[in-house]
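Read the figures in this text as sums done on the coordinates, not as results from a lab. The structure presented is a predicted model; accordingly, all values stated were derived computationally and were not measured. Quick reminder, even Gly has a Cβ in these numbers, built from the backbone with ideal geometry, and neighbours come from all protein chains shown.
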Amino acid sequence: MLIRLAIAWMIGIVAGASFNLAPGWYWAAGVVGLVGVTQRWGVLLLVCALGALRYGASIAPVGPSDVALLAEQGEVRLVGQVNADPTRNEEGQKIILRVEAVQHAGQRRSSTGLVLMTVPPFPAYQYGERLLVTGKLRRPRSASLPGEFDYRAYLAHRGIHVLLPNPTGIERLTAAQSGPLHWIYTAREHCRATLLRLVPEPQAGLAIGILLGIQAGIPDAVADAFSITGTSHILVVSGWNFTLVATLLAGLSQRMRIGRWPAFWLTLAIMWVYAIFTGGSAAVLRAATMASLMILARASERQSEPWHLLLAACWLISAADPHSLWDMGFQLSALATASLFAFGRPVETWLKARPPFAWAWMAPFTEALTATLAAQVLTLPLILYAFGNLSIIAPLANILIVPVIPYAMLFGTLALLGGVIWLPLGQLLGGLLWLPLTWIATGVHLLAQPRWAAVAIPAFPLWILLGYYGLVGAIWFRSPSLRDAQARWCGAAGSPG
C-alpha cells in the first residue's frame with residue numbers, strides 16, 4: 001500500500017502542475033477521498049489531492065515587489081545575497097542572487113525574488129556574500145517547438161523567473177556571514193583545492209567530480225567523452241558514495257564496539273552532512289534518504305524492502321520540494337534504481353548462462369554489464385527524449401570503467417583525508433589514487449574516439465516516451481517470473497542507487 005500511496009502522491013503533484021485548476025477543486029477531491037477513506041480508492045484519491053495541494057502551496061505568487069516585473073525594462077541596480085554555492089566552469093560562474101532591494105528609473109525600493117546571473121570566472125564569489133549588481137534583466141527563453149527543452153519552465157521550478165547575463169558592474173557590500181552552510185561550502189572548497197594538489201589534471205577533475213560532486217573543473221572535452229561513452233553517471237555523487245560511507249561507518253562502529261543506535265545516529269549525521277557537502281541535488285538527497293531508511297531498517301532489525309525504500313525516498317523528497325520531480329538528475333537516478341530492481345536479476349541470469357560471462361574470473365565485469373544493461377531499460381528512453389544521444393559503446397565502456405570506481409572512491413577518500421591532515425601524506429597516497437583515475441580517463445578518451453561510438457536520435461513526441469513506459473510496466477506486472485526474479489535480486493542487492 002505504501003507504494004500505491006507514494007505513486008498517488010506524485011501523480012497529484014504532476015496533476016497540480018499540469019492542470020490550471022483552482023485549489024477548490026483539489027480540496028473537493030480531498031473531501032470525496034476523505035468520505036471514502038475506508039476504501040482503497042478513497043485513500044488514494046485523498047493522497048493524490050494532497051499532492052496537488054502541496055504543489056500549489058510551493059508556488060510563490062509574483063507580487064508587486066517581485067524583481068521579475070523588471071525584466072526587459074532597461075538597466076537596474078540590485079542589492080541581494082548569494083543564495084547558493086555558485087556553479088563554476090571554464091567559461092564563468094552562475095550565481096543565484098536573492099534580491100533585497102532594487103533601484104530603477106531613479107527610484108529605490110525593497111524587492112523580492114531570485115535572479116540567475118552569469119559572470120566571468122574571476123573573481124570568485126561565495127555563498128552568503130551581499131552584492132550590488134548593475135545590469136539588464138532578461139526573461140528565460142521558452143520552448144519554441146513541441147518537445148523542445150523549455151528553459152523557462154526549468155528555471156521556474158527552481159523559483160527563478162529572470163536572468164541577468166553579463167552584469168555591467170558588481171560590487172561586494174559585505175562578506176559572507178559565518179554559519180553552518182558557509183562552513184560546509186568553505187570546507188568543500190578546501191577539499192577541492194587539496195585534491196588539485198594531490199594528482200594532476202585531468203585526474204584531479206575526475207576525483208573532484210566523483211568525491212565532491214563538482215564538475216566545474218572537468219574540461220569540456222573530457223565531459224563530452226564521458227557523455228559519448230555513456231559514463232557521465234561516474235562524475236556525479238550517487239548511491240555508490242552513500243553505500244561506501246554507510247559500509248565504512250558500519251565497519252568502524254563494530255570495531256569500536258559502538259552501540260547499535262549510537263552508530264545509527266552517527267552514520268545518519270555524517271551521511272547528511274556529506275549530502276549537503278556535495279551540493280544537495282535532488283538525486284543526492286534521494287540517495288541519502290534511501291541510505292538513511294536502509295540503515296534505520298538495519299538498526300531496528302527489520303527487513304528493508306528496496307521498492308518501499310525507493311518510493312519512500314521519492315515521497316519524502318517531493319513532499320519537501322515538489323519541484324524535485326522535474327529535476328533530470330532525480331528522474332534518471334530514480335529510474336535507474338527502479339530499473340535495477342525490476343530487471344537486474346533477469347539480465348544477470350541471461351548473461352551468466354553465456355560465455356565468457358559464465359566464467360568466474362569475469363564476475364566483476366559481469367556485474368558492471370548487468371547494472372548497465374538493466375539500468376538502460378528505463379533510463380535510455382528518457383535520455384534519448386531529453387538529449388537525443390545514443391551511446392553505442394556504453395556497455396563496453398561501463399564494463400571496463402565501472403569496476404574501477406570503488407577503488408577510485410576508496411583511494412580518493414584516503415588521499416583527501418591524508419592531504420587535509422598533512423599535504424605530503426596526501427600526495428604520497430595520491431599515487432594510489434592516480435592509477436584508477438588514469439585508467440578511467442584514458443579508457444573513456446580511447447572509447448570516445450570511434451565515429452560510431454554515439455549517434456544522434458531524431459526528436460520524438462512525449463506520448464511515445466509515455467507509451468514505452470506504459471508498455472514496459474504492463475509487461476512487468478503481467479510477468480510473474482520477472483517479479484519473482486526482482487524479489488530475489490532486491491533481497492541480494494538492495495542498496496541506495
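Tabulated values for the structure
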quantity: Residue 27-residue 2 pseudo-label distance in nm [points 7 Å out on the Cα-to-Cβ vector]; calculated: 3.3
quantity: Linear extension gain, residue 40 paired with residue 328, 0.36 nm per residue minus alpha-carbon span; calculated: 100.5 nm
quantity: Global form of the stretch 2-58, assessed from the alpha-carbon gyration tensor, a/c cut-off 1.5; calculated: oblate
quantity: Label-point separation, residue 186 to residue 273 (7 Å along Cα→Cβ), nm; calculated: 1.5
quantity: Those residues of the stretch 187-210 whose amide nitrogen sits under 13 Å from the label point placed on residue 410, 7 Å along Cα→Cβ; calculated: none
quantity: At R0 = 35 Å, FRET efficiency that the Cβ-Cβ distance of residue 142 and residue 108 yields, to 0.05; calculated: 0.65
quantity: Residues with amide H under 5 Å from that of residue 161, placed H, sequence gap 5 or more; calculated: 114
quantity: Highest-first arrangement of 263-270, 77-84, where packing means the average Cβ count within 10 Å; calculated: 77-84, 263-270
quantity: For the stretch 79-89, Karplus couplings with θ = phi - 60° (6.51, -1.76, 1.60), whole Hz, Gly/Pro x; calculated: 10, x, 10, 5, 8, 8, 5, x, 9, 10, 8
quantity: Within the chain, percent of DSSP bridges classed antiparallel, to nearest 5; calculated: 85
quantity: Inter-label distance for residue 18 and residue 90, nm, one decimal - labels placed 7 Å from Cα along Cα-to-Cβ; calculated: 4.1
quantity: Under-5 Å amide H pairs with residue 237, H placed in peptide plane, nonlocal only; calculated: 213
quantity: Ordering of 150-157, 326-333 by packing [mean C-beta count within 10 Å, highest first]; calculated: 326-333, 150-157
quantity: Per-pair calculated FRET efficiency, R0 = 25 Å: residue 257 and residue 417 via Cβ, rounded to 0.05; calculated: 0.65
quantity: Packing-based ranking, highest mean first, of 439-446, 422-429 given that Cβ atoms within 10 Å are counted; calculated: 439-446, 422-429
quantity: Calculated from backbone phi, Karplus (6.51, -1.76, 1.60) coupling profile of the stretch 414-431 in Hz, x at Gly/Pro; calculated: 5, 5, 5, 4, x, x, 5, 6, 7, 4, x, 5, x, 5, 5, 5, x, x
quantity: In sequence order, calculated HN-Hα J values of the stretch 56-66 (Karplus, 6.51, -1.76, 1.60; Hz; x Gly/Pro); calculated: x, 5, 7, 8, 7, x, 7, x, x, 9, 5
